[in-house]
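Chemist: Before I ask anything, here is the structure I am working with.
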Amino acid sequence: MSVTHEEIEGWLRESGDRLETLWRLADETRKANVGDDVYLRGLIEFSDYCARKCGYCGLSAENKDVHRYRMSKEQIVESAITARDYGYGTVVLQSGEDRGYSCSDISEIVTAIKAETGLAVTLSVGERGDDEFAEWKLAGADRYLLRFETSNPELYRLIHPDLPGKVSDRFAILRRLRDLGYEVGSGVMIGIPGQTYADLARDILMFDELDLDMIGVGPYLPHPATPLAALAKEKAAENDPNQVPGTELMTYKTVALTRLVRPKANIPSTTALATVNRIQGRELGLMRGANIMMPNVTPVEFRKEYQIYPGKACLMEDAAACQDCMRYRIENIGRKIGVGTGASRNLDNRQAIEKE
Ligand code: SAH
């Protein structure tokens, strides 16, 4: 569906009963394009070491209070087997930007998971080299997730200090990943201090411009040990009418508009949404455009250390409890669990175009 910048900004500023129309449009678009199946991705948060100093993230190298862990190759493969045993079609390997795993360490992990489980493998390990992305693809990785966080270049630079000698350009990386044949996922945080309604509208249009297969959005949740948390407080006190609030409602509006601009994309109902509304956040995300959930299969002993933001939902539940909870939530709203890997429906199109 073609939606203009003005229309998107209008919806983002809407707060009344008219929103029922947006929810209905998003739900109809979801149903017509990706159906009632909800695909489950088993999330393995395998390391919380990070070389970067992202202004919003609790795992920033500057946060000395984090207890850092690295899962071994065996532990990671074990978690992937748990995901397979629960019937999930995909595992997502996520970590801080941790050079403690070399290029070939990650390749070996991917190869072992493919050999042991046959699951689709998604990597989400931050900004690494082009040669590394290429090698991991050859090792069998299917998908890559890297949020661009904001399309406002000044705001982006403010919250992503570069590593020495290396300029961070996530748009370039996303294009590179696409050329390498990955299914590509990205997304943004909602309510970063300094993010305006016009910025967020541009972010949403960017999802289409980048031809994304997967789009994850969630509210920005200030982590007290980060520099951005203080800025968020100052910004909130200003009552700037252009500042996007990082609220639950703004997140649903963004999910719904994302569905309208990218009808076939895989869109998760995220943990950050479950964190702002533990009772119903996941379901409302699914009812307003989302079609994916990401149950956590990280062993509980590690999971509690992976605190990108405080108060993260589902911290103490083991993988079995997560699995039951997700199944219940999906069936309770009349949807069903998808079988298989739940690959991007955009791929069909892209492969057809390539054959022409
Ligand atoms: N190191 C990887 C994985 C980061 S964690 C990478 O950089 O891609 C995954 C996502 O969590 C981030 O992309 C960011 O959008 C989100 N996140 C991080 N800190 C957050 C916070 N304080 N509030 C909300 N979301 C946050």
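Chemist: How would you rank 101-111, 139-149, 219-229, highest first, on the average number of other Cβ atoms within 10 Å across their residues?
Modeler: Details: 101-111: 18.2, 139-149: 21.5, 219-229: 19.8.
Highest-to-lowest ranking by the protection proxy: 139-149, 219-229, 101-111.
Chemist: Within 10 Å of each candidate Cβ there may be at most 11 other Cβ atoms; applying that plus a DSSP loop requirement, which trypsin sites (Lys or Arg not before Pro) in the stretch 154-227 survive? All intermediate terms of the calculation are to be shown ahead of the outcome.
Modeler: Values: sites: Arg157, Lys166, Arg170, Arg175, Arg176, Arg178, Arg202; in loops: none.
Those that pass, being in a loop and sparsely packed, number zero.
Chemist: Report, to the nearest whole %, how much of the accessible area of the stretch 5-355 belongs to carbon and sulfur atoms, 1.4 Å probe, protein only.
Modeler: Values: 7370 of 14170 Å².
Whole-percent figure for carbon plus sulfur exposure: 52.
Chemist: Taking the alpha-carbon set of the stretch 44-155, what are its Rg and Dmax in Å?
Modeler: Here Rg and the maximum Cα pair distance are 14.5, 45 Å.
Chemist: How big is the shadow of the Cα convex hull of the stretch 76-212, averaged over all directions, in nm²?
Modeler: Working: hull surface 36.2 nm².
Computed as one quarter of the Cα hull surface, the answer is 9.1 nm².
Chemist: Moving on to the next point. Which residue, Ile113, Ile333, Ile81, tops the fluctuation ranking in a GNM of the chain built on C-alpha contacts under 10 Å?
Modeler: Maximum fluctuation in the GNM of the chain, among the listed residues, is at Ile333.
Chemist: Right, something else. How big is D for the stretch 5-355, in µm² s⁻¹ as a whole number, if Stokes-Einstein is applied with the Kirkwood radius of its Cα pairs at 37 °C and 0.692 mPa s?
Modeler: Estimated via Stokes-Einstein, D reaches 162 µm²/s.
Chemist: Report, in deg cm²/dmol and to the nearest 500, the calculated mean residue ellipticity at 222 nm for the chain, where each DSSP H run with n ≥ 4 adds -39500 (n - 2.57) and the sum is divided by the residue count. Provide the component values of the computation, followed by the final result.
Modeler: On the way: 15 runs with 160 residues, N = 356.
Helices in the chain give a 222 nm mean residue ellipticity of -13500 deg cm²/dmol.
Chemist: Also, I was wondering about something else. Which far-off residues, 5 or more places away or on another chain, put their amide H under 5 Å from the one on Phe148, with H placed in the peptide plane?
Modeler: Correct list: Gly187.
Chemist: How much of the DSSP beta bridge set in the chain is antiparallel, as a percent to the nearest 5?
Modeler: Working: 3 of 33 bridges.
Roughly 10 percent of the beta bridges in the chain run antiparallel, per DSSP.
Chemist: May I pose another question? Cβ under 12 Å from Asn152's Cβ, Asn152 left aside: what net charge do those residues give with Lys, Arg +1 and Asp, Glu -1?
Modeler: Summing Lys and Arg as +1 and Asp and Glu as -1 gives -2.
Chemist: Counting pairs of alpha carbon atoms under 8 Å apart in space and at least six apart in sequence, what relative contact order in percent does the stretch 30-160 give? Could you put the intermediate results ahead of the total?
Modeler: Details: 182 pairs, mean separation 33.3, N = 131.
Relative contact order comes out at 25 percent.
Chemist: With the chain treated as a Gaussian network of Cα nodes joined by springs under 10 Å, which of Asp162, Asp98, Asp27 yields the largest mean-square fluctuation?
Modeler: Asp162
Chemist: Where is the GNM fluctuation largest for the chain (alpha-carbon springs, 10 angstrom cutoff): Val255, Val66, Val297?
Modeler: Among Val255, Val66, Val297, the largest GNM mean-square fluctuation belongs to Val66.
Chemist: If the cut-off is a Cα-Cα distance under 18 Å, which aspartates and glutamates reach Lys64, setting aside same-chain residues fewer than 8 apart in sequence?
Modeler: Asp48, Glu97, Asp98, Glu305
The values are calculated or read from the model by the stated rules, or taken from the named source; none is laboratory data. Fair warning: this is a prediction, and the values are worked out from it, not measured in the lab. Don't worry about glycine lacking a Cβ; one is built from the backbone with ideal geometry, like all the others, and counts go over all protein chains shown. Please note that ligands, DNA and RNA were not included when accessible areas were found on the heavy atoms of the full protein model with its side chains. Shrake-Rupley method; radii C 1.70, N 1.55, O 1.52, S 1.80 Å.
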